Amino acid sequence: MMFKRQRPQPDDNQLIELGAAMTFCCSGANCPSDNVAQNAVDQMNSFYKMCNIQFNLQNVSQTQDQRCQAGLQDNAAMDNLKSQVHTGNTSTLNIVYVNTNQGAGVKGVCVIPQPQTNIAQAVGSKDGCVVATDTLPKHNGGNDADGGGGAKKGAGSGAATTSTHEAGHWFGEVHFGQGGGQGGGQGGGPVGGPFGGSAGGGGVFTKRQNAGNIMEPVSQPGKQYSLTKSSATECDRLL
């Protein structure tokens, strides 16, 4: 699935650079700064560098669209919201951050493109993810958020890694250890969970001893999440 997103770059084990565009549902002084968006991108890069993948922040914007208040479980509203603010192409990860879904519960949803799908035709401007804003570092003080789940604070812990988790779905990855389910909707669609994302069973992100897999369906308080590349072919499913 990764090769579909990164064309026309060659699949030659070199660094794959992708765009990132972030939209905050907010207004005025309540909006997170561009630094918050960059921190989220930096965190994703700290995970995906194992697969020679790097996101470059290309755009940060704000919206007051009324659908921002619909909640992450309202798939139709979230699809329409993404379509309204979408920018770039299939190699640009679009994430919209909403102020709903605070505290424990569903923290993010994302389209999961299905194999052999033409993403531009089947998904179009609905491509991308929607994530709860409270999973981001607090823009008023720079502190790590735990998403209201009581997770240990830190770059790789709890709900604070939701954006990285949802990016895995954007790549076509499903949940670790849950079988072969698919997201609903044309070309793959979002289904929420306490960590966000869609039901299924991932494989490329291997689990370290005493650590959590970033594609586990539910984040646990105090658990550190990571991914490793144990061999040269570990990331083949993405590339």
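The set of residues from the stretch 17-40 being closer than 22 Å to residue 84 by Cβ and part of a helix (DSSP H, G or I) comprises 28, 30, 34, 36, 37, 40.
Would you confirm whether or not the stretch 9-16 contains a residue that is within 27 Å of residue 212 (Cβ to Cβ) and in a loop (DSSP other than H, G, I, E, B)? Taking every residue of the stretch 9-16 in turn, at least one turns out to be within 27 Å of residue 212 (Cβ to Cβ) and in a loop (DSSP other than H, G, I, E, B). Considering the stretch 100-155, the residues that are hydroxyl-bearing (Ser, Thr, Tyr) and modelled with pLDDT of 90 or more include one that is farthest from residue 83 (Cα to Cα), namely 135. Can you say whether residue 38 is within 16 Å of residue 24 (Cα to Cα), surrounded by fewer than 18 Cβ atoms within 10 Å (Cβ to Cβ), in contact (Cβ under 8 Å) with a residue 12 or more places away in the chain and under 16 Å from the mean Cα position of the chain (by Cα), as far as the supplied structure shows? Answer is yes for this residue. Of all residues in the stretch 50-79 being over 22 Å from residue 32 (Cα atoms), in contact (Cβ under 8 Å) with a residue 24 or more places away in the chain and not β-branched (Val, Ile, Thr), which is surrounded by the most Cβ atoms within 10 Å (Cβ to Cβ)? Checking each candidate, the answer is 79. Among residues of the stretch 101-122 that are crowded, with 24+ Cβ neighbours inside 10 Å, those with a Cβ under 6 angstrom from a residue that is hydroxyl-bearing (Ser, Thr, Tyr), sequence gap 6+ or separate chain, pair up as 107/135; 107/162; 108/162; 112/198.
The values are calculated or read from the model by the stated rules, or taken from the named source; none is laboratory data. Treat the numbers as computed from the prediction; the structure is a model and nothing was measured. In this analysis, Cβ positions are derived from the backbone assuming ideal geometry, glycine residues included, and neighbour counts consider all displayed protein chains.
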